[in-house]
Amino acid sequence: MRKHKLVAGVLMVPLAALMIGCSSGQESPATGGSGASDNTDGKDAAGPIEIAYLQKQGDQQYFVDEITGAKEAAAALGDVTITSADLGDDANKAVSEVEAAIARGVQGIIIVVPDQAVGPNVIKLATDAGIPIMASDDAISDDQGNAAPFTGFNGTDMGSKVGEKAAELYQAAGWAPADTRILASWKQDLTVCTDRVDGAIAKFTEIVGAGNTPEVIEVGTDNTPTNAQDKAAATLTANASVKHWIVWGCNDENTTGVTTALQNGGVAPGDIISVGLGAYLACKDWAAGQESGNKAALYISGIDVGKAAVNAMVAYLRDGVPLPPETIADTHMVDETNYEQSGVVCT
Amino acid sequence: MPNPVHAPTPTAATPTAGKGGQFMTVVRRLGLENISLVLAITVLALLIGSQNSAFFRSSNIAAIGNYVVIMGLLAVVETVVVIMGGIDISVGSVAGLASVLAGMVYAASWGNWWLSMLIPLAAGLLCGLFNGVVVVFGRITPLIATLATLSGFKGLAQLVSNGRAQGYTGADAVYTFIARGKVLFIPTLVWVLIIVAALIHVLLRYTRVGRDIYAVGGNDTAARLSGVNINRRILFVFVLAGGVAAIAGILITARTGSGQPVSGSQGMEMLAVTGAALGGAALRGGKGSVVSTIFAVILLGVLLNGMTLLGINPFWQNVAQGALLIAAVVIQQLSSGERRVGLPK
């Protein structure tokens, strides 16, 4: 009997230790556990501030510009440090980097998610730690569907402006719909991209009329110029009899890639109306004074978005100004005549 | 020319102290690779910590732990494949396929968590079996075979998911426990790595199967002549790789809250090979240890976490990772005493 008690006692010790150190992971700490600062009410970051700016596809020029803008804003505000991380297209890395940022006690997180499906998890991590989180470029929501504060562009509106410009150039060119195709290329599993392309075709059709709208060829890409080029080359082969092309897509990578493929395939620049989105790649032809199918581009400034996001976050942390639910940055349609005056950074 | 058979357990101790005395005995017992890696981790941690003390926070240590789990699982099983003289660069794609299947099965079965783990695990084992069959019976080298399936399995994951994240497991108690829970103050994710690594360590060091794997990698002709069924062992190792990659995929689903078709194949396979090579596994086979690989993965995790912590440009992370791998393998090759003539073996 005594022996049994002893065995039970010995077994209870590790079991108790196990219970003490156990967590289901579902607890929501009221304040920042994990060594994080609790900034949910703002106004408690009187000293130096560190903001983690985590971005998908951090090697794309738009996102490089965004970090540049964020750091410029931080320098202007004073005592603000921006630490960035490139998440690539990896949702798992997004979670890792949010955890790491929380662990080192950053005061705010701004994130461009690689996949909007990871939104609920990163929002939960940040809110459990008491750290404000803002979505940049791609909107995210928690598991109840409540959107996180957002800074960026309105995808449908951007697409509308692209469609409007393409319609204007198409009508000016006087092409017949039967001889023309619209080539729309984008990463088709990205909602923000689909919104842009849908916006473009809706506005284009509204302006020129359904009867005068050429057939649309949709091409799925990974949003890189090389992939867009490869896909467009195959599309051109399959549509060799088409005389004129209208090109739009999710970003400049898509439209410049498609335009290059069309020109390489023998389509004259005069037979291409390509309206880009970003202007940072389309401008290269303009800067070189080269005749190109890249006729215009909607200038979206990563620098402006980076600055706006950091300014809003710091205003919240220092002065308690609530994070605006939606901060929409300005866009401008540019072409070879005015891109420099509009502030396009053409490297 | 076949390689000489290396000692099955490179970290094993020699029974006597010998001329070098007790110090050398300790070094042999712990293994030179392990000591070097622990030293490197210590120096790196002190360096980063001296610049930013937040590095030493327990929460940051836990974050590093969580960060290395997926990479660690793939690196540990990659070590087994490398010890056998092969390589499997499809593990990341298998993880992606398993992740997306977990999300889809979870959604389709109205939240049946065990079924959503069982089916991806079975799929992972099948993927591994497919790799093994292609290598053994298709007579294709492991590098080419798994290069093909790297693309094939990734495409399969994209195909079944239509390229989209699948399901939502963020509200499930079991998945949440895996992603954010703790046991004995250690994250559940880290426990999964500890358990899998320990089981594979025991397999390699204390079982006949493990000794056979070292023997096949060291000298397959000698292994065959001594009665080892080489084909069976190769098939076993690839199936094991598929199974562990599937576990990594299920963890990806738990962490991200949804099935991610390409999360595992965003360079994770290269990190797995880097972890194995950095841990001293000889790419020619016959040498390697799970313990060293775990230290190597921790070193990578500390390096990548520290660079972000210190605000170093993210592009430098790739450079640092490559430089670390070259340095480790060069040191390893130079210490092997191989003649510096022609292409390395």
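We did not get these values from a lab; they are worked out from the coordinates using the rules stated. Remember, it's a predicted structure, so these values are computed and weren't measured experimentally. Note that each Cβ is placed from the backbone with ideal geometry, even for glycine, and that neighbours are counted across all protein chains shown.
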Review point. Going highest first, how would you order A:264-275, A:193-204, B:214-225, A:335-346 by mean Cβ packing within 10 Å?
Key: A:193-204, B:214-225, A:264-275, A:335-346
Review point. Under the Karplus relation 6.51 cos²θ - 1.76 cosθ + 1.60, θ = phi - 60°, what is the ordered set of whole-Hz ³J(HN,Hα) values for the stretch B:159-171, x standing for Gly and Pro?
Key: 5, 5, 9, 6, x, 10, 5, 10, x, 9, 10, x, 9
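With 10 angstrom as the radius, rank B:Val81, B:Val135, A:Val321 by how many other C-beta atoms surround their C-beta, starting from the fewest.
Fewest-to-most Cβ neighbours within 10 Å comes out as A:Val321, B:Val135, B:Val81.
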Check your understanding: What is the distance in Å between the Cα centres of the stretch B:169-239 and the stretch A:180-242?
Key -> 48 Å
Review point. 222 nm [θ] for chain B, helices only, -39500 (n - 2.57) per DSSP H run of 4+, per residue, to 500?
Key: -23500 deg cm²/dmol
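Applying a 10 Å radius around every beta-carbon, put A:173-186, B:193-206 in order of their mean neighbour count, most first. Please report the intermediate quantities before stating the final value.
Numbers: A:173-186: 18.8, B:193-206: 16.9.
The densest-packed peptide leads the list: A:173-186, B:193-206.
Rounded to whole Å and sorted largest first, what semi-axes of the equivalent ellipsoid does the C-alpha gyration tensor of the stretch B:55-327 yield via the square root of 5 times each eigenvalue? Walk me through the intermediate numbers first.
Values: eigenvalues 160, 108, 60 Å².
Three semi-axes, in Å: 28, 23, 17.
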Check your understanding: What is the gain in length, in nm to one decimal, between B:Val341 and B:Ile312 on full extension, counting 0.36 nm per residue of separation less the C-alpha to C-alpha distance?
Key -> 6.6 nm
Review point. What is the local net charge at A:Thr224, summed over the other residues whose Cβ is closer than 14 Å to its Cβ (Lys, Arg +1; Asp, Glu -1)?
Key: -3
Check your understanding: So how do A:Ser241, B:Ser161 line up by other beta-carbon neighbours within 10 Å, fewest first?
Key -> A:Ser241, B:Ser161
Study note, to complete from the structure: Long-range amide H partners of B:Met84, meaning residues 5 or more apart or on another chain whose placed amide H is closer than 5 Å, are B:Gly286
Exercise for review: Take every DSSP beta bridge whose two residues both sit in chain A, then give the antiparallel share in percent to the nearest 5.
Suggested key: 10 percent
Check your understanding: Using the alpha-carbon atoms, what tilt in degrees (0 to 90, nearest 10) does helix A:252-264 show relative to the longest principal axis of chain A?
Key -> 40 degrees
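Across all directions of projection, what mean area in square nanometres is found for the Cα convex hull of the stretch A:258-344?
Over every viewing direction, the Cα hull of the stretch A:258-344 projects on average to 6.8 nm².
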Practice item. Enumerate the residues in the stretch B:111-148 having an amide nitrogen under 15 Å from the point lying 7 Å beyond the Cα of B:Ile230 toward its Cβ. Key: B:135-142
Review point. Taking Cα atoms, how many degrees apart are the long axis of helix A:302-319 and the longest axis of chain A, rounded to 10 and kept between 0 and 90?
Key: 30 degrees
Practice item. Normalise the Debye intensity by I(0) for the protein assembly as shown, one equal point scatterer per Cα, no solvent, then take log10 at q = 0.05, 0.08, 0.12 Å⁻¹ and round to two decimals. Key: -0.28, -0.69, -1.32
Point to revise | Averaged over B:134-147, number of beta-carbon atoms from partner chains that fall within 10 Å | key: 0
Check your understanding: Considering every residue in B:180-188, what mean count of other chain Cβ atoms within 10 Å of its Cβ is obtained?
Key -> 5
**Study point:** Rounded Å value of the spacing that divides the Cα centres of the stretch A:275-347 and the stretch A:78-120
**Key:** 23 Å
**Study point:** Rounded tilt (10° steps) of A:155-173 against the dominant C-alpha axis of chain A
**Key:** 10 degrees
Exercise for review: Let me have the 222 nm mean residue ellipticity of chain A computed from DSSP H runs of 4+ only, each contributing -39500 (n - 2.57), with the sum over all residues rounded to the nearest 500.
Suggested key: -14000 deg cm²/dmol
**Study point:** Tail beyond 24 Å, pair distance distribution of the stretch A:144-245 (Cα, percent)
**Key:** 30 percent
Study note, to complete from the structure: Given B:270-281, B:59-70, the highest-first ranking by average Cβ count within 10 Å works out to B:270-281, B:59-70
Check your understanding: What are the residues whose amide H is under 5 Å from the amide H of A:Ser84, where those residues sit 5 or more places off or on another chain and H is modelled from the backbone?
Key -> A:Tyr53
Exercise for review: Give me the number: length gained by fully extending B:Leu159 to B:Leu199, i.e. 0.36 nm times residue separation minus the C-alpha to C-alpha distance, one decimal in nm.
Suggested key: 11.0 nm
Review point. Taking θ as phi - 60°, what are the ³J(HN,Hα) couplings along the stretch B:291-301 by the Karplus curve (6.51, -1.76, 1.60), each to the nearest whole Hz, with x for Gly and Pro?
Key: 4, 4, 4, 4, 4, 5, 5, 5, 4, 5, x
Check your understanding: Within 10 Å of each Cβ of B:311-318, how many other protein chain Cβ atoms are there on average?
Key -> 4
Practice item. Name the long-range amide H neighbours of A:Met333: under 5 Å, sequence gap of 5 or more, or other chain; modelled H, no Pro or chain starts. Key: A:Tyr299
Revision key, fill the gap. Distribution output for the stretch B:69-171: share of Cα-Cα pairs per 10 Å bin in percent, first bin at 0, values 15, 43, 30, 11, 1
Point to revise | In Hz, Karplus ³J(HN,Hα) per residue of the stretch B:270-281 (6.51, -1.76, 1.60; θ = phi - 60°; x = Gly, Pro) | key: 6, 5, 5, 5, 4, x, 5, 5, 5, x, x, 5
Review point. When each pair of different Cα atoms in the stretch A:63-158 is counted once in the 1/r mean, what is the Kirkwood radius in angstroms, to one decimal?
Key: 13.9 Å
